[in-house]
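Structure, as structure tokens:
Where a number appears in this text, it was derived from the coordinates with a stated rule and is not lab data. These numbers were taken from a predicted model, which means no experiment stands behind them. Glycine gets a Cβ as well: all are built from the backbone with ideal geometry, and neighbour counts include every protein chain shown.
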């Protein structure tokens, strides 16, 4: 037997037929020659040949692969039966497409984002280490590292690890001789060995050398591939050319490869410009132990492990804390793999979503199984006849399996398409997500899809197939008899499936409800000021051209005057970091009038430079005292306004006005002149005490312009940008957005997760409801006779309605109880995704229960109503 | 009868292929001729079952020992002719050799009890 023969079976059978005919003719001719009559000659020839069918069958068997042949036959049969009920097949494929699609999409994301190794050489040896503050156990333990500590760490771990540091939250105003518009770009300072520790080579040119990582070195820069392509048109001669960063010349020494992205828990994936930290950072920062501006990347050499290194570094850090008793010097170290560092924040949400999508798929499978069971029951007579004629049980189950395999393969193909679309959409809508660039459908995903298809087919096929007993064969054949109570065991199986389905739906609904509530809480959170009709944009003055503080102040003052003069601007002001815009910097302060306090009691306060107009534009209320006066600038800028919370923390039970504050790491003294309302620095974070000092002075070269209008504030963006370019055409403007949009950006994760989960839950609810409806409808068709008799014997319609309703609602009740119990056990897993919402939020549980019961009642009411309206005469004649 | 022919076929199974190959050594032939030649040569002791002839021919073709083509028979009828390939010739020689060894061995064993046996060789 060969494959060629197998696929040419029909042709070779025809040939054999001809061959046999030829034989018969030859034999008959010979017989004729022996003198027989033509009739006799043909008869003898046939006798000699024997049964031609046997020959054909023998050869047919010889030329076939039994398993494959049976499979093809089953497949043909399945296609035929499915095409006879297109509605059923369509619904089943659609349901499976949805289920498989979301699973494949989420698996792709989990696989590529959370599990695939980082694209660096030997990325398993790469770790990120942080400082740790054991005095403050409630805080996130992963704290950025001070450059002074890094130097000590590097010295002590020289034998066991290569260490590099990077500060990925810098930015530059990039301009060049080509006359292109200046741009503000995210940038990183890194130690010279950063790229060699990661194992990344420049695609063009070279990396930094140790000599370039010094203050005295010539200024050099490396460009991200995308920047090189976009701004410099992939110029192959870029290396050696000069570009301008903050109005200073830098020589381009290299371009990074296109695939290179640096991701950390603190961002970094948007960095376009890389410079060497030794050249860029002020020497005071490089030797500081209390200014935490860096992330540390470590490549461990063989034969050592992270915990040993961390122990070693923690000991060093403990020593540093002992010799430098400043309030913000930390006393420990902690580390994690670079992969975990990049994606840690996505783990819980992505796994939660994957689990939710798996629930949806399970529900989808159960629905399909239910549909298959219903069809099996409807065809029970046909099946009984076939088993009576000798159709083996295995064969019947195999047919069910083939049928469900066909359905799930179609669903899988659709699902793969759906997943592809979903991934495109995700990559498009969530460019902020870390490692989003790595998401694509690959071989593993294809294998996963195939696995899911087979699992679905087995699940749905076996569940519907196990109901096929041979015992009740006779009963099925006698289905016409009124004594027969149609397939009770099968109905029981469907009820159990239904209860599980409803239970899973409840779990999904509760998860979705919690996330939705958390998201609503988040959106309704007050950042402390009315957030509508406020426009913000960011500018930064290059210190080369605006070297002297009075130049910066002059520019800022001129700018804000002109912005205020614009039509429709109600109020405008300047601030270093606006409310809701982010962390923005913090320091610890001591009250001069108070006795010295221990380091652990020093109050950590957010510091902003502000101009008096900011409070008016943001509508932050002045509670006591006054704001800054116009002469309080430059050398006389030593006054501060503090927030209410800062006043409570620093001056409990006292009047802060007229008291003095001193930063714990400096000697200047600031007088408190006023107290203003509290604002939030991030929508989802707790309020921090805040201090404002004049932005005119105090060394500010960056500012956020805040402008408020009565309506349609977006339309102010262009006029304000025009004002800026009139004052200085080389200044780039960045982050132009309304305060609402800025807040929206920080809630995008929550919005995304809750939207998806709500979507899944709704799909699950629809599936469960249709399942409930289907089962009840089926049970009623089975009982048409019985109900007809009941009505004929005088049963009340209301009584019948109740009977049927209770019958249908019983699995719903069971499912609800199972679901509520399961939810209570699992919601704790998503606690970290919830904002000001308890996992066991009673309101969510009650609302979900009521909603589910309502939907279940609606799904049951339709068939129940139809049953109670049944015309007894027609019901009894229905046979 | 049915049982007898069944056991005959069993016995012939290995030898039929060999005899077909041997028959084709003398020239191309179609199924009817092959059967007739085998029967004649064996002085009608052997009867070729058509039920095994055609499957055997197809099996030999799959193994590449014979090839087939459609042609005209002696009586000018369309018939499928089989031809020995180079590999088939080698195989035929190999089997003939093996058969001779086998019958000699069987003859030696059987000869001690019944000297007149071993006529098949």
Suppose each label sits 7 Å from its Cα in the direction of the beta carbon; what would the residue A:382-residue A:15 distance come out to in nanometres?
3.8 nm
Assuming 1.002 mPa s and 20 °C, estimate D for the stretch B:2-111 with Stokes-Einstein, Rh taken as the Kirkwood radius over Cα pairs, in µm²/s.
144 µm²/s
Once fully extended, how much extra length lies between residue A:180 and residue A:234, figured as 0.36 nm per residue of separation less the alpha-carbon to alpha-carbon distance?
17.9 nm
Using 0.36 nm per residue of separation minus the Cα-Cα distance, give me the extension gain between residue A:793 and residue A:831 in nm, one decimal.
7.9 nm
Rounded tilt (10° steps) of A:717-727 against the dominant C-alpha axis of chain A
40 degrees
Using a 10 Å cut-off around each Cβ, can you sort A:877, A:810, A:336 from fewest to most neighbouring Cβ atoms?
A:877, A:810, A:336
Nearest 10 degrees, 0 to 90: helix A:393-429 Cα axis against chain A principal axis:
20 degrees
Report Rg/Rh for the stretch A:543-729, rounded to two decimals, where Rg is the Cα radius of gyration and Rh the Kirkwood radius.
0.98
So how much slack lies between residue A:218 and residue A:424, counting 0.36 nm per residue of separation and subtracting their Cα-Cα distance, in nm?
69.8 nm
In degrees from 0 to 90, rounded to the nearest 10, what is the angle of the helix A:38-49 Cα long axis to the longest principal axis of chain A?
50 degrees
Please give the residues of the stretch A:221-246, grouped as numeric ranges, whose backbone N is less than 16 Å from a label point set 7 Å along the Cα-to-Cβ vector of residue A:206.
A:221-223, A:239-241
Under the classification rounded if a/c is under 1.5, otherwise prolate if a/b is larger than b/c and oblate if not, where does the stretch A:3-64 fall, given a ≥ b ≥ c as square roots of the Cα gyration tensor eigenvalues?
prolate
Give me the one-decimal nm value for the distance between modelled label points at residue A:850 and residue A:392, 7 Å along each residue's Cα-to-Cβ direction.
5.8 nm
Taking the convex hull of the alpha carbon atoms in the stretch A:218-333, what volume per residue do you get, in Å³?
157 Å³
Would any residue of the stretch B:12-48 have its amide N under 13 Å from a label point 7 Å out along Cα→Cβ of residue B:63? List them or say none.
B:13-22
Calculate I(q)/I(0) for the protein assembly as shown by the Debye formula, one identical point scatterer on each C-alpha and no solvent, and give its log10 at q = 0.06, 0.07, 0.10 Å⁻¹ to two decimals.
-0.72, -0.84, -1.20
Answer rounded, prolate or oblate for the stretch A:497-611, using the Cα gyration tensor with square roots of eigenvalues a ≥ b ≥ c: rounded when a/c is under 1.5, else prolate when a/b is larger than b/c, else oblate.
oblate
Applying 1/(1 + (r/R0)^6) with R0 = 41 Å to the Cβ-Cβ distance of residue A:665 and residue A:115, what FRET efficiency is obtained, to the nearest 0.05?
0.45
Translational diffusion of the stretch A:290-426, µm² s⁻¹ [Kirkwood Rh, Cα pairs; Stokes-Einstein; 37 °C; 0.692 mPa s]:
151 µm²/s
